[in-house]
Amino acid sequence: MKSKKTKQRKTKGKTQKKKTVKTKKDIEPRIITFACNWCSYAGADLAGVSRMQYPPTSRIIRVMCSGRIIPTFILDALTDGADGVIVSGCHFEDCHYISGSKKAEKMIESTKKLMHLLGMDERRLRFELISAAEGAKFASVAREFTEEIKNIMKEKHGKK
């Protein structure tokens, strides 16, 4: 039985395996999604259970309420390597904590202003209202935001 051989090259008497290098085309954006436990996380779950297609670029962090997100969470995510952040909460009239989504909306606006002052692109942050029954909307938002972040990354690297 023949064994598979890996391509090898000789360098100064040493044999080395050929390395594969990822190109910038292969790099996918890293997106952090802070999802409300009661609505948005359930919407994400519905999208997954229903086998709706959306990019695997999002890492979902379940929070009890989107109103509990503070700018530090978002800025830390962006400075620690995330390319984009989605904060997703209940619809205003359906918020389990009455005004959590309204508080989150105000916080997102102030965080975008702070990002502008810090020289960060505000398009890297998005706020969405997604209910537990809107799995299709969750998948759609994930696809759209991933494409938007890819375009931002191309602009940043001068490839239009």
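Being of a type in the set (Gly, Ala, Ser), surrounded by fewer than 15 Cβ atoms within 10 Å (Cβ to Cβ), at negative phi and outside any helix (DSSP H, G or I) is the filter here; which residues of region 103-160 pass it?
Matches in region 103-160: ALA133 only.
Condition first: over 15 Å from the mean Cα position of the chain (by Cα), in contact (Cβ under 8 Å) with a residue 40 or more places away in the chain and assigned to a loop (DSSP other than H, G, I, E, B). Can you find one or more residues in region 63-70 that meet it?
Checked region 63-70: no residue is over 15 Å from the mean Cα position of the chain (by Cα), in contact (Cβ under 8 Å) with a residue 40 or more places away in the chain and assigned to a loop (DSSP other than H, G, I, E, B).
Need the failing condition index for SER88 against (1) assigned to a strand (DSSP E or B); (2) loosely packed, with under 14 Cβ neighbours inside 10 Å; (3) of a type in the set (Gly, Ala, Ser), just the number.
Only one criterion is unmet by SER88, namely (2).
Laboratory data are not the source of any read-out in this text; all were calculated from the coordinates shown. Since the structure is predicted, the reported quantities are computational estimates derived from the model, not experimental observations. Cβ atoms come from the backbone with ideal geometry, glycine included; neighbour counts cover every protein chain shown.
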